[in-house]
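The values are calculated or read from the model by the stated rules, or taken from the named source; none is laboratory data. Just so it is clear, the model here is predicted, and its values are computed rather than measured. Heads up, the Cβs are rebuilt from the backbone with ideal geometry, glycines too, and the neighbour counts pull from every protein chain shown.
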Amino acid sequence: MSIRYLRLALILAFAAPALEAQQAGGMSHDHPAAKPALDAELAEHFKGIALTDAQIRQVTEIKAKHHAAMEELRRGAADQNAPARKAEVQKHMDAEHAEFMALLTEGQRKVFEANMKEHHAPAPGAKPMPEGMMHGMDHGTKALPAPPTPAPTRRP
């Protein structure tokens, strides 16, 4: 994976001066700004929802922020299946979805929730997720157990 990032960094390093020169002058055309678009994953999440350009930009920024943090967690973890690492990744996924929901209208939220149920549903014929598993976990790791509830005390 680090080779991919290195390649991307090199491409951007060589492309930046050319882009800067182009923007500075020379070839100036009055084209309207490109309409923002969702990537394939976001398009699946927001299928059937007519997002405004502002919502598309915000959704894209939210995803970039959380996915960068999740990638950092993955890179920094010695054990990819460690329950603490998986719990942190799950927190980012939950926060990302909560931020998406905050941007949407009531009608858009209903469609988004339906898309999420469909997206996270097991494939037809697949085994159901074991008890205690969360999205993103492999079958060798369980979610962190809920803290025990104290037993009621009886007084004589």
Could you please find all residues in region 70-86 being in a helix (DSSP H, G or I) and either under 10 Å from the mean Cα position of the chain (by Cα) or more than 18 Å from HIS97 (Cβ to Cβ) (or both)? MET70, GLU72, ARG74, ARG75, GLY76, PRO83, ALA84, ARG85
Just a yes or no: is a residue in region 127-136 surrounded by fewer than 10 Cβ atoms within 10 Å (Cβ to Cβ) and at pLDDT 90 or above? no
Qualifying position, being acidic (Asp, Glu), touching a His at 6+ places or on another chain (Cβ under 8 Å), surrounded by 12 or more Cβ atoms within 10 Å (Cβ to Cβ) and modelled with pLDDT of 65 or more, among GLU71, GLU96, GLU88: GLU96
Residues of region 32-74 satisfying the condition of being closer than 29 Å to ALA87 by Cβ, among the hydrophobic types (A, V, I, L, M, F, W, C) and in contact (Cβ under 8 Å) with a residue 60 or more places away in the chain: PHE46
